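Here the structure comes first, spelled out in structure tokens, and everything after it is commentary.
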Amino acid sequence: MSYNPDNVFAKILRGELPCFKIYEDEHSLAFMDIMPQAAGHALVIPKFAAETLAELPLQFAAPLLTTVQKVMAVQKQVLAVQGVVLMQLNGAEAGQTVPHLHFHLIPAHLSKLKAH
Ligand code: 5GP
């Protein structure tokens, strides 16, 4: 699969598009989703040019998951969420709309949990 560097997350990484940044380090970036599925919906992306999880070299997987853990901890402390739904779509057939690997971190708020 060939990576398309014109996707919006690649543009955010290059500073060509703005984002509400939560965390950044050498390997990854976390920012707020522009159309949140719940309050506090965040995205975590690698700085490596991978479209899907299968294309991420293993040495970048641990730093990426470390950032996911950090952002989940922030969501739990700052937003006082009870749980976080982790979602990661691979390929357009799976519903992936932005072809740069990303994890959705969607807070599960108590009011929503009670509604089910
Ligand atoms: P996917 O469907 O590919 O798993 O999710 C892509 C996500 O990226 C969606 O939740 C969508 O709201 C978000 N998104 C798309 N374009 C932008 C953008 O320009 N900025 C931000 N912050 N999020 C975006």
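Return a yes/no flag: does region 72-85 have any residue that is in a loop (DSSP other than H, G, I, E, B) and either in contact with a Leu (Cβ under 7 Å, 6 or more places away or on another chain) or within 16 Å of the ligand (Cβ to nearest atom) (or both).
In the first step, residues of region 72-85 are kept if they are in a loop (DSSP other than H, G, I, E, B); the result is 79-82.
Checking the rest, the ones that are also either in contact with a Leu (Cβ under 7 Å, 6 or more places away or on another chain) or within 16 Å of the ligand (Cβ to nearest atom) (or both) come to 82.
Yes, region 72-85 contains at least one residue that is in a loop (DSSP other than H, G, I, E, B) and either in contact with a Leu (Cβ under 7 Å, 6 or more places away or on another chain) or within 16 Å of the ligand (Cβ to nearest atom) (or both).
All told, Ala54 meets the bar of being touching a residue at least 12 places away in the same chain (Cβ under 8 Å) and within 18 Å of Thr97 (Cα to Cα).
When Ala80 is tested against (1) at negative phi; (2) without any contact (Cβ under 8 Å) to a residue 40 or more places away in the chain, just one condition goes unmet, and that condition is (1).
Could you go through region 43-54 and let me know if any residue there is within 15 Å of Phe9 (Cα to Cα), touching a Pro at 6+ places or on another chain (Cβ under 9 Å) and among the polar types (S, T, N, Q). Yes - at least one qualifying residue is present in region 43-54.
Look through Ala94, Ala62, Ala80 and report the one residue that is out of contact with any Lys or Arg (no Cβ under 6 Å at 6 or more places or on another chain) and modelled with pLDDT under 95. Before you say what the answer is, go through the steps one by one.
Values: Ala94 fails: modelled with pLDDT under 95; Ala62 fails: modelled with pLDDT under 95.
The match here is Ala80.
Answer yes if at least one residue in region 104-111 is out of contact with any Ser or Thr (no Cβ under 7 Å at 6 or more places or on another chain), more than 13 Å from the ligand (Cβ to nearest atom) and part of a helix (DSSP H, G or I), and no otherwise. Looking through region 104-111, at least one residue is out of contact with any Ser or Thr (no Cβ under 7 Å at 6 or more places or on another chain), more than 13 Å from the ligand (Cβ to nearest atom) and part of a helix (DSSP H, G or I).
Tallying residues that are of a type outside the set (A, V, I, L, M, F, W, C) and surrounded by 16 or more Cβ atoms within 10 Å (Cβ to Cβ) within region 4-17 yields 1.
Among the residues of region 1-30, those that are more than 12 Å from the ligand (Cβ to nearest atom) and either under 13 Å from the mean Cα position of the chain (by Cα) or in contact (Cβ under 8 Å) with a residue 24 or more places away in the chain (or both) comprise Met1, Tyr3, Asn4, Pro5, Tyr23, Glu24, Asp25, Glu26, His27, Ser28.
Name the single residue that is modelled with the lowest pLDDT among those in region 23-57 being part of a loop (DSSP other than H, G, I, E, B) and surrounded by fewer than 14 Cβ atoms within 10 Å (Cβ to Cβ). Steps first, please.
The first filter runs over region 23-57 and keeps only residues part of a loop (DSSP other than H, G, I, E, B), leaving 25-27, 33-41, 47-52, 56-57.
If we keep only those that are surrounded by fewer than 14 Cβ atoms within 10 Å (Cβ to Cβ) as well, we get 25-26, 34-35, 37, 39, 57.
Values: Asp25: 98, Glu26: 98, Ile34: 98, Met35: 98, Gln37: 96, Ala39: 93, Pro57: 97.
The qualifying residue modelled with the lowest pLDDT is Ala39.
The values are calculated or read from the model by the stated rules, or taken from the named source; none is laboratory data. In this text, all values refer to a predicted model and were calculated from it rather than measured experimentally. A quick note on method: Cβ atoms are made from the backbone with ideal geometry, for glycine too, and the neighbour counts reach across all protein chains shown.
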